[in-house]
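Accompanying notes for the structure given below.
The values are calculated or read from the model by the stated rules, or taken from the named source; none is laboratory data. Note that this is a predicted model, so its numbers are computed, not measured. Neighbour counts are summed over all protein chains in view; Cβ atoms, including those assigned to glycine, are modelled from backbone coordinates with ideal geometry. We work out accessible area using only protein heavy atoms, side chains counted, and drop any ligands, DNA or RNA first. Shrake-Rupley method; radii C 1.70, N 1.55, O 1.52, S 1.80 Å.
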Amino acid sequence: MIVIRSRLRLGLALLLGGVASSWAATAPPAPHKPAPRARFTKTEREAATVPGFPSVRFFGDDANAYRAALPDKPGPWLALSAGGEDGAFGAGFLFGLDQSGKRPPYSVITGVSTGSLIATYAFAGSRYDRDLKSAYTGVTSADVFEVGRTPDSLVDVWPFRKLIAKRVTPELLRAVAAQYRRGRRLFVVTTDLDAGRPVVWNMGAIAKHGGARALALFRRVLIASSSIPGMFPPVVIKTASNGKPIEELYADGGVSAPFYLAPESVLAQAHGAVPTTSIQIVINAKLGPDFWFTKRNTLAVLGRALGLGLSAGARFEIANVRRWATRARVPVSIAAINVGFKARSHGAFDPKYMKALFTVGEKDARKSAASAPQLTR
């Protein structure tokens with residue numbers, strides 16, 4: 001994975017731009033400072049594990065840990081990018097592939113930020129497609145955040161926590177666990193703010209434990225993967241290092257990279273480094289130039305600038321994957337929002353905009369399926 005540390009994800013930009021249209025000139029003051037965390041060292045962090053959940057995560061740039069987490073047999077892979085509300089495109093694309101009968105049982109599915117929820121539904125199976133569609137065509141900004149500062153963010157995300165609790169049910173957890181036992185893998189990426197490294201969570205390994213604690217951790221990881229730094233509060237995940245309690249601090253996986261396939265050192269190798277027979281990458285963004293008249297306010301300007309930076313970063317990472325795939329002779333398919341799509345979102349998580357984008361993704365998938373025989377079941 002190419003770690004683009006100087007760029008935040010496009011979803012951050014889009015959300016910033018959407019919030020800017022409705023954000024008051026001066027946000028209310030934070031009510032209080034967060035309780036300080038006990039300090040810990042780099043060595044202690046690297047030795048830390050989640051109590052009761054061994055081997056459920058690894059640093060995304062650790063080649064040896066990455067290999068140990070992979071499935072035994074090669075198969076088709078799916079990588080879903082960040083993108084905020086533009087995740088409606090990826091949801092529509094996966095829905096369209098399944099409706100056309102051309103969505104394979106991916107052996108590995110990876111998700112970053114908004115891609116993590118799409119990945120979870122796709123991994124659990126097509127019987128969750130209606131839930132997938134509902135999640136990306138039936139939500140509004142009120143389902144995701146409440147305008148008003150917290151001690152460490154510009155908005156409060158209690159609605160998002162409530163939404164994830166509603167969407168990620170014990171039944172869904174059991175479905176993920178069942179697929180994991182079949183040898184498939186679901187990886188969700190977060191960013192460890194202390195270590196400054198991506199952390200990949202083996203969600204099936206979490207799900208197989210079952211019970212309330214596994215469900216709580218599963219939900220917390222999904223929230224962490226989508227927690228835009230500064231906008232959303234960071235997520236604390238409690239671990240232990242040789243008996244010492246540690247509170248690790250996590251933010252959006254898109255801070256590390258727009259999508260995840262493998263550590264950079266692995267992609268530098270030749271055939272066999274990644275056990276895949278084909279790769280489908282879904283970018284929940286436009287990759288080409290896209291004119292957007294920018295309002296003169298801080299959030300709109302910042303959002304637009306970051307969006308342009310990440311779009312360039314996504315193109316760079318795609319090029320890196322293509323170079324590896326050419327050497328390994330692995331077919332790669334890229335799906336992204338066409339620059340010809342001109343609908344605009346009127347605020348963050350605009351249902352009308354997301355429904356239109358879902359439809360575009362679905363139509364693109366049907367076209368892709370018709371011309372991509374390697375995606376057949």
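Here are some notes:
- Qualifying positions in the range 235-271 - of a type outside the set (A, V, I, L, M) and out of contact with any strand residue (DSSP E or B) (no Cβ under 9 Å at 6 or more places or on another chain): Asn242, Gly243, Lys244, Glu264, Ser265, Gln269, His271
- Some residue of the range 288-298 being out of contact with any strand residue (DSSP E or B) (no Cβ under 9 Å at 6 or more places or on another chain) and either modelled with pLDDT of 90 or more or assigned to a helix (DSSP H, G or I) (or both): yes
- Some residue of the range 339-355 being within 21 Å of the chain's Cα centre (by Cα), closer than 26 Å to Pro76 by Cβ and open to solvent by 80 Å² or more (accessible area, probe 1.4 Å): no
- As a summary of the residue check, Pro275 satisfies the conditions (1) modelled with pLDDT under 95; (2) open to solvent by 40 Å² or more (accessible area, probe 1.4 Å) except for the one numbered (2).
- Here Thr49 meets the list (1) of a type in the set (Ser, Thr, Tyr); (2) more than 26 Å from Met354 (Cβ to Cβ); (3) crowded, with 24+ Cβ neighbours inside 10 Å almost entirely, failing just condition (3).
- Enumerated helices (runs of 4 or more DSSP H) restricted to the range 57-154, each holding at least 1 residues that are crowded, with 24+ Cβ neighbours inside 10 Å: 87-99, 114-124, 129-137
- Among (1) surrounded by 17 or more Cβ atoms within 10 Å (Cβ to Cβ); (2) within 21 Å of Gly87 (Cα to Cα) - the single one Glu248 does not satisfy: (2)
- Only one entry in Val112, Val108 is of a type outside the set (S, T, N, Q) and closer than 30 Å to Pro36 by Cα, namely Val112.
- Check on Pro331, touching a Lys or Arg at 6+ places or on another chain (Cβ under 8 Å), modelled with pLDDT of 85 or more and of a type outside the set (A, V, I, L, M): no
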